[in-house]
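Only one structure is covered here, and it is reproduced in the block below.
Each value in this text was obtained by applying a stated rule to the coordinates, not by laboratory testing. Note that this is a predicted model, so its numbers are computed, not measured. Glycine gets a Cβ as well: all are built from the backbone with ideal geometry, and neighbour counts include every protein chain shown.
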Amino acid sequence: MQLTGFAGRNVLVSGAAGGIGRAAITMLNAAGAHVIATDTEQALSTATELSKDGIALMPCDLRDPAAVEAMVAEAEASSGPLHLALHAAGVLGTGPILDTTAEEWRRVQGINLDGSFHFMQAVGRRLRSGSDAALVVISSNAATIPRLDMGPYCASKAALTMLTRCLGLELAQYGVRCNVIAPGSTLTPMQTGMWRDENGPTRVLAGDLASYRTGIPLGKLATPEDIAQAAMFLLSDQAGHITMADLYIDGGATLRG
């Protein structure tokens, strides 16, 4: 099946310098979309290959609602109306809840939840004026399964998932589709940064009964491309009757669909 609905259309991608964001941008660009990529200025400075492909780079701190509004307005002013958006920005937070400082809590929520709200609100206001518009949000399978030492992260992703589905309900009357992707362990710096040694992949695949963590039935980690391909489908014409869905891509790790 050839996915359609990208040629000549404007797509805004957040978290553009991350593994999933970069993979998605490569696919969108190849499909003929005009891609506007946003991330922090520091992160974009490490993703110089994006500009070589003619991608419009727009640094933005999603925690600042005024900056987000200005970035989205500039994107439309320079490229025209937005048609599609992929929100892939996010950060990890680890450690016991009882030892988490207020500053660390706010750091995680400030990006994963507050930043998501600012981005989705600014983008949603534009998408509702178009046709065949769609938004895909990268959440996590940790949104629905408790994890030891990941409380703030899990809470932020649970809230993000519901925020996206509620936005999808509000925007359905305008024909805008809003869907969630819930990745499991994926080969990105966020994942590998948690590994203590070269046995990290083996431990993830096997799971850990002591920490109430299942392994991965498929016996492999996801790649950023695995997640990006799912995002491409949900943004495409072929997903034209799918909205408010929560698609798990975790190799069966959460034992749910």
Checklist entry - Roughly what would the spin-label model give for Asp237 and Glu104, points 7 Å off Cα along C-beta, in nm? => result 4.9
Checklist entry - How high is the FRET efficiency from Glu69 to Thr94, r the C-beta distance, R0 41 Å, rounded to 0.05? => result 0.85
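Taking 4 °C and 1.567 mPa s as the conditions, I'd like the Stokes-Einstein D for region 1-126 in µm²/s, using the Kirkwood hydrodynamic radius from alpha carbon pairs. Walk me through the intermediate numbers first.
Details: Rh = 15.1 Å.
Translational diffusion coefficient: 86 µm²/s.
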Checklist entry - Which of Ile20, Ile181 comes first, and how do the rest follow, when ranked by fewest Cβ neighbours within 10 Å? => result Ile181, Ile20
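Would you calculate a helix-derived [θ] at 222 nm for the chain, using -39,500 (n - 2.57) for each DSSP H run of n ≥ 4 and dividing by the full residue count, to the nearest 500?
-11500 deg cm²/dmol
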Next on the checklist: Averaging over every viewing direction, what projected area does the convex hull of the Cα atoms of the chain cover, in nm²?
Outcome noted: 13.6
Next on the checklist: Sorting check: for 28-37, 59-68, which peptide has the highest mean count of neighbouring beta carbons within 10 Å, and how do the rest follow?
Outcome noted: 28-37, 59-68
Checklist entry - For Ala30 and Met244 in one chain, what is 0.36 nm times their gap in residues minus the Cα-Cα distance, to one decimal in nm? => result 74.4 nm
Checklist entry - How high is the FRET efficiency between Thr144 and Ala43 when r is their beta carbon distance and R₀ equals 35 Å, given to the nearest 0.05? => result 0.80
Checklist outcome for this item: Percent antiparallel among DSSP beta bridges confined to region 10-246, nearest 5, equals 5
Checklist outcome for this item: By the DSSP-based rule, helices of the chain that are at least 15 Å long along the axis (C-alpha) and have a mean Kyte score of at least 0.0 are 19-30, 65-79, 116-127, 151-171, 224-235
